[in-house]
Amino acid sequence: MERSDIKSPNHFLTIELSSEIYAALLAKVENTGKTESELVIQGLQHILNEDFEEERFSALEMALEQKLRQYVEKLLEDRISSTATVERSTKDDRHTNLDADRNLQKQQNSMPIPTIRPLQIGDRVLILEPDSPYYMAKLLVTKTSLIRATVETDTGEKTFLKRDLRFVESQSEI
């Protein structure tokens, strides 16, 4: 790799590329109509952009949230449909067999529907300190997503994983 003088307004850079990378670059040149230099400059700008990593992680987080939401909805649908099927079959046999009522109650008791309330804006939480078993002061939740929650601190808003939070109370319960 050769470099030009650092003080000049434009810099000339010679880079040695493998034949696979150069073939991929030429294919992009044909598809986009840009020159090799323009594509390389665009790629470098994209890599050097500070928001690139944040955008990538944000997109990954959104995709993960969507998949988790679909998974939970499917589990709930399966749970509701299996409960409805069991109830229908036991109602038909109820007149002939009292054991069916007991079996229905056992099945309903063995698979309880969760009663955990999701974290909401206005809730107060304790935040687990990094590398410590102790929690920081009570803080107010200002934003939530499926995986993360943003709280108001003395230095501004900070985002934490929900697993590092401990629910204390909501603003309406105070």
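So here's what we get for this one:
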| item | result |
| --- | --- |
| Output for the range 140-164, where each listed residue is under 13 Å from Leu126 (Cβ atoms) and more than 16 Å from the chain's Cα centre (by Cα) | Leu140, Val141, Val151, Thr153 |
| Where a residue in the range 18-43 is assigned to a loop (DSSP other than H, G, I, E, B) and its partner, wherever it lies, is surrounded by 12 or more Cβ atoms within 10 Å (Cβ to Cβ), with Cβ under 9 Å and at least six apart | Lys34/Lys28; Lys34/Gln42; Thr35/Val29 |
| Within the range 141-174, considering residues that are assigned to a strand (DSSP E or B) and farther than 26 Å from Ala59 by Cα, the one modelled with the lowest pLDDT | Ser170 |
| Any pair with Cβ under 6 angstrom, 6 or more apart, that starts in the range 4-15 at a residue that is over 18 Å from Glu36 (Cβ atoms) and of a type in the set (Gly, Ala, Ser) and ends at one that is open to solvent by 100 Å² or more (accessible area, probe 1.4 Å) and at pLDDT 70 or above | none |
| Every pair of residues 6+ apart whose Cβ atoms lie under 6 Å, when the first sits in the range 57-74 and is in contact (Cβ under 8 Å) with a residue 12 or more places away in the chain while the second is open to solvent by less than 90 Å² (accessible area, probe 1.4 Å) | Glu65/Leu146; Leu68/Leu146 |
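The values are calculated or read from the model by the stated rules, or taken from the named source; none is laboratory data. Note that this is a predicted model, so its numbers are computed, not measured. So basically every Cβ, Gly included, is an ideal-geometry build from the backbone, and we count neighbours across all protein chains shown. Each accessible area value is taken on the protein alone, full model and side chains, heavy atoms only, with ligands, DNA and RNA left out. Shrake-Rupley method; radii C 1.70, N 1.55, O 1.52, S 1.80 Å.
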